[in-house]
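Nothing in this text is a laboratory measurement; each read-out follows from the coordinates by a stated rule. Since this is a predicted model, take the numbers as computed values, not measurements. Here Cβ is always computed from backbone atoms with ideal geometry, including for glycine, and neighbour counts include all displayed protein chains.
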Amino acid sequence: MYKTFKIILLIFVGFFYLHPLAISSENKIKIGLLVPITGDDKELGEQIIKSTRIALKDINTEKIEIYLKDTNSNPNKTMKSAIEFKEMGIKIVIGPVFYKSLMYLNEIKEITFLSLTNKTLNLPSNVISTGVNATSQLTAIKKFIELNEIKKTILLTPKLDYEDEIKKGIKNSKIKIFKHYIYDTEPTKLTAQIEKITNYKIRKQNLEDEIRRVENSDLIDKEKQLEKLNKKYTIGKVNFNSVIIADFDESLKSVITSLLYTDVSPKNKNIITFNQWFDESLISEKTIQPIYYPSINKDNLNDFEDKFIKEFNKYPNYLSLLSYDLVGLIYYLSIKNEIFNTNSLFKNKNSFKGKIGIFDIENNKINHKLNFYEVKEGKLKKIF
């Protein structure tokens, strides 16, 4: 128990409930915490609770009271818990974590929910997405492109459930995209699509034609020219200078591998991707480097991880860092505004510097000012 915050952990009907011992008063900041504490995602919920405790300890104030309820990652359970928050008079809630849990929350207009999702489309009017969304990422990518005076950028997006989020991010960030392609993640179809995007067959045919021409010529240095040509894979340029790949994990690597197969190398074209959360496998695979991506502040992440490990002897999930910052964000805004007037709390233009980076707040929207990183020769380097 942290003596400063007078918070104890009780067990009620199979889930944890955080409740302050001190009697709440009018000047208390009452925050709901709505996370999965039962079901398949309960470990994530427990990590978020722990990061919230660290935040309370670091803020070191008795003004904050945290009340915890379960979502079970289920919309119906989420709604039931939200109604209980409403009856308790709570106006601001951190959570839910997942987009699917937001389904019925527009019926509880008295509460503002700071969801950890990074999806921004079709949100209930009382839900604010606080995750690292497509707009934040494309804004950072745009800055990198402009700094390096890159003229033609294509964007590759997998045919999944976030195509529209990407399109909204393009519009909001005002990034200049030469062409936007939607690709199939099935390997055979992907390779065929990348071949078409890069004009691979034409460039391959150009090489074969040039080899045949030289072979049939009377050039003095024919053998030398043939030796050079046989070291090539294609002849001809592609119609872009950089590629943004809105993908992750093995699917991302498949796209880069297909680009390599079509003779588009990261050494000649800028390969940029979305936030990879410092995936170690990208550092170890030198054949796909250099690669660039936006992300949160790595030094702050390391500090938070050290603190979390010291406190709980385990590594935190990245969403834990976000929930840590949200406690600080609410406290910061409550100092500048009337905490009970949640309708205006997130409408005014504000910036808040947290562990994850800088939060830009305006018109009930939150975007993040992200850092930008390069993975090259097995090392991670911060660009800005």
Mind checking segment 203-311 for chymotrypsin sites (Phe, Trp or Tyr not before Pro) that DSSP puts in a loop (not H, G, I, E or B) and that have at most 16 other Cβ atoms within 10 Å?
-> Y233, F248, W277
Most fluctuating residue of Y293, Y104, Y331 in a GNM of the chain with Cα springs under 10 Å: which is it?
-> Y104
Starting from the Cα-Cα distance between E210 and F248, subtract it from 0.36 nm times their residue separation and give me the gain in nm to one decimal.
-> 9.9 nm
What residue among T139, I197, S251 has its Cα farthest toward the positive end of the dipole of the chain, where the charges are +1 on Lys, Arg and -1 on Asp, Glu, each on the Cβ?
-> T139
Cα long-axis angle, helix 163-173 against the chain (0 to 90 degrees, to the nearest 10) = 90 degrees
So what's the angle, to the nearest 10 degrees on a 0 to 90 scale, between helix 187-197 and the longest Cα principal axis of the chain?
-> 60 degrees
Within the set of other residues whose C-beta is less than 12 Å from the C-beta of Y292, count the net charge using Lys and Arg as +1 and Asp and Glu as -1.
-> +4
With the 8 Å Cα cutoff and a minimum separation of six or more residues, the chain has a relative contact order in percent of 15 percent
Can you list residues whose amide H is under 5 Å from S295's amide H, if they're 5+ apart or on another chain and H is modeled 1.01 Å from N?
-> N371, F372, Y373
Of all DSSP beta bridges in the chain, antiparallel share, percent nearest 5 | 45 percent
Of K168/K349; K196/K286; K143/K171; K30/K77; K100/K176; K77/K355, which ones are farther than 23 Å apart at the Cα?
-> K196/K286; K100/K176; K77/K355
Starting from the Cα gyration tensor of segment 182-339, take the square roots of the eigenvalues, sort them a ≥ b ≥ c, and report rounded, prolate or oblate (rounded when a/c is under 1.5, otherwise prolate if a/b is larger than b/c, else oblate).
-> prolate
As straight-line cross-link partners of K347, the qualifying lysines (C-alpha separation under 16 Å, not fewer than 8 residues apart within one chain) are K91, K109, K336, K365
Could you give the size of the charge dipole of the chain about its Cα centre, using +1 on the Cβ of each K and R and -1 on the Cβ of each D and E, expressed in debye and rounded to the nearest 20?
-> 940 debye
How many nm is it between the label spots at K57 and N348, if each spot is 7 Å from the Cα in line with the beta carbon?
-> 3.2 nm
State which entries of K224/K379; K179/K298; K57/K353 exceed 28 angstrom in Cα-Cα distance in the structure shown.
-> K224/K379; K179/K298
Taking all pairs of distinct alpha-carbon atoms in segment 266-367, Kirkwood radius in angstrom | 16.0 Å
Cα extents of the chain per principal axis, largest first, Å, are 97, 40, 38
What do you get for Rg/Rh of segment 310-384 when both radii come from the Cα atoms and Rh is the Kirkwood radius?
-> 1.10
Centroid-to-centroid separation of segment 260-276 and segment 187-240 [C-alpha atoms, Å] = 20 Å
Tensor-based shape of segment 227-291 (alpha-carbon gyration tensor, a/c under 1.5 rounded, otherwise prolate or oblate) = prolate
Give the residue from N122, I94, I111 lying farthest towards the positive end of the charge dipole for segment 78-128; charges sit on Cβ (+1 for Lys and Arg, -1 for Asp and Glu) and the dipole is referred to the Cα centre.
-> N122
Dipole magnitude of segment 140-238 about its Cα centre, charges +1 at Lys/Arg Cβ and -1 at Asp/Glu Cβ only, in debye to the nearest 20?
-> 480 debye
Find me the longest stretch of the chain that has none of the exposed GluC sites (Glu not before Pro), where exposed means in a DSSP loop (not H, G, I, E or B) with at most 10 other Cβ atoms within 10 Å.
-> 150-337
